[in-house]
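The next block holds one structure in the form of structure tokens; read it before the comments.
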Amino acid sequence: MILLGSCTSSPQQGAASVGYGQGLASRLGATLQSFPVGQFRLHYAEAGQEGKPTVVFIHGTPGSWRALGRLLGHSQLRSEARLIAVDRPGWGGSTLLDKEAEGSFAAQIKLMAPLLQRLKADSGDQALILVGHSLGASYAPYIACQYPDLVDGILMAAGAIDPELGKPRWYNYAARVWPISSLIDAGLRKANIEIWGVHSALMELESWWNTASIPMIYMQGEEDELVDPGNLDYAETMLPSEHTRVVRIPDQGHFVHRQQEQLIVELTLELLELTKGS
């Protein structure tokens with residue numbers, strides 16, 4: 001089950017500033033950057049050195065780069081890879097030009113892919129790993145599916161991958177109707193727009209899973225209250241076992257990006273090891 005506030009306990013409502021999250025970036029020793037895609041600019045935080053494999057962290061909804069951004073300060077990750085935490089289009093410093101939020105997966109990754117392509121080129125075509133939480137964990141395989149020569153491994157944390165479990169719920173319908181839509185928080189309203197794109201994107205992925213040959217890890221808490229833990233079962237039955245590791249976390253809820261940071265670090269390092277030479 002996906003709720004409106006599915007990925008962060010402190011929703012971010014967006015900001016135009018290229019310095020969005022400057023305080024956290026300074027504490028982490030990270031820098032803030034802005035990458036132009038036409039008139040749009042994709043905002044992100046960066047740590048580590050160019051010329052190494054790249055790890056890109058993708059937040060959920062609502063959210064910003066800060067949701068997973070604390071991992072940019074992890075010394076072992078920084079020693080192994082260049083670390084990037086993006087503000088997805090419509091969030092944080094990645095303000096959209098003509099709308100509040102973008103519900104189409106295809107439209108979102110069209111705005112994100114040019115940065116990923118540049119990062120891949122900057123590394124000398126070394127491995128590029130995607131690490132996503134919640135909705136970001138649905139985006140990660142979608143990007144890998146659409147850009148097979150770009151992504152070398154994915155870590156999906158507490159995200160919907162089963163199309164049946166990615167369908168909008170009654171409260172998503174209710175949140176689109178006035179006056180309810182006018183009463184909910186702006187961040188949750190934007191999140192609701194994005195959730196409507198999940199089911200169709202996951203349907204596109206159904207035939208891709210069997211052909212995927214990159215290493216993949218799916219992790220989720222068995223007590224996840226926001227994204228149905230049934231996605232663990234889907235991962236075990238539908239994702240190719242020779243390339244996939246499924247990690248069940250007993251007594252864990254949705255916020256693995258906060259409560260299981262060390263596990264995420266260890267699994268990311270595992271993917272980096274598996275993709276050496278990519």
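The values are calculated or read from the model by the stated rules, or taken from the named source; none is laboratory data. Computed from a predicted model, the values in this text were never measured in an experiment. Note that each Cβ is placed from the backbone with ideal geometry, even for glycine, and that neighbours are counted across all protein chains shown.
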Worksheet item: Across the range 52-70, what is the number of residues that are surrounded by fewer than 24 Cβ atoms within 10 Å (Cβ to Cβ) and more than 16 Å from residue 128 (Cα to Cα)?
Response: 2
Discussion item. Given the criteria more than 14 Å from residue 197 (Cβ to Cβ) and in contact with a Pro (Cβ under 9 Å, 6 or more places away or on another chain), does residue 94 qualify?
Written reply: no
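On the basis of being without any contact (Cβ under 8 Å) to a residue 12 or more places away in the chain and aliphatic (A, V, I, L, M), does residue 127 make the cut? Quick ask: steps written out before the conclusion?
Values: without any contact (Cβ under 8 Å) to a residue 12 or more places away in the chain: no; aliphatic (A, V, I, L, M): yes.
Answer is no for this residue.
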Worksheet entry | All positions within the range 222-238 that are surrounded by 20 or more Cβ atoms within 10 Å (Cβ to Cβ) and touching a residue at least 60 places away in the same chain (Cβ under 8 Å) | 224, 227, 231, 234, 235
Worksheet entry | Matching residues, the range 192-247, being farther than 23 Å from residue 267 by Cα, among the polar types (S, T, N, Q) and either part of a loop (DSSP other than H, G, I, E, B) or in contact with a Cys (Cβ under 8 Å, 6 or more places away or on another chain) (or both) | 207
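Take the residues in the range 79-110 that are in a helix (DSSP H, G or I) and either within 14 Å of the chain's Cα centre (by Cα) or of a type in the set (Gly, Ala, Ser) (or both); name whichever of them is nearest to residue 149 (Cα to Cα).
Residues of the range 79-110 in a helix (DSSP H, G or I): 79-80, 105-110.
When the remaining residues are screened for being either within 14 Å of the chain's Cα centre (by Cα) or of a type in the set (Gly, Ala, Ser) (or both), the result is 79, 105-109.
Working: 79: 25, 105: 19, 106: 17, 107: 19, 108: 19, 109: 15 Å.
The selected residue is 109.
Could we say that residue 120 is among the basic types (Lys, Arg), in a helix (DSSP H, G or I) and within 27 Å of residue 260 (Cβ to Cβ) here? Walk me through it before giving the result.
Details: among the basic types (Lys, Arg): yes; in a helix (DSSP H, G or I): yes; within 27 Å of residue 260 (Cβ to Cβ): no.
Answer is no for this residue.
Here is a yes/no grid of residues against (1) free of Cβ contacts under 8 Å to residues at least 60 places away in the same chain; (2) touching a Leu at 6+ places or on another chain (Cβ under 6 Å); (3) within 17 Å of residue 146 (Cβ to Cβ):
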{"position": "212", "(1), (2), (3)": "no, no, yes"}
{"position": "217", "(1), (2), (3)": "no, yes, no"}
{"position": "220", "(1), (2), (3)": "no, yes, no"}
{"position": "247", "(1), (2), (3)": "yes, no, no"}
{"position": "256", "(1), (2), (3)": "no, no, no"}
{"position": "262", "(1), (2), (3)": "yes, no, no"}
Discussion item. Take the residues in the range 143-191 that are more than 18 Å from residue 232 (Cα to Cα), among the charged types (D, E, K, R) and part of a helix (DSSP H, G or I); name whichever of them is modelled with the highest pLDDT.
Written reply: 190
Worksheet item: If we scan the range 117-129, do we find a residue that is crowded, with 23+ Cβ neighbours inside 10 Å and within 12 Å of the chain's Cα centre (by Cα)?
Response: yes
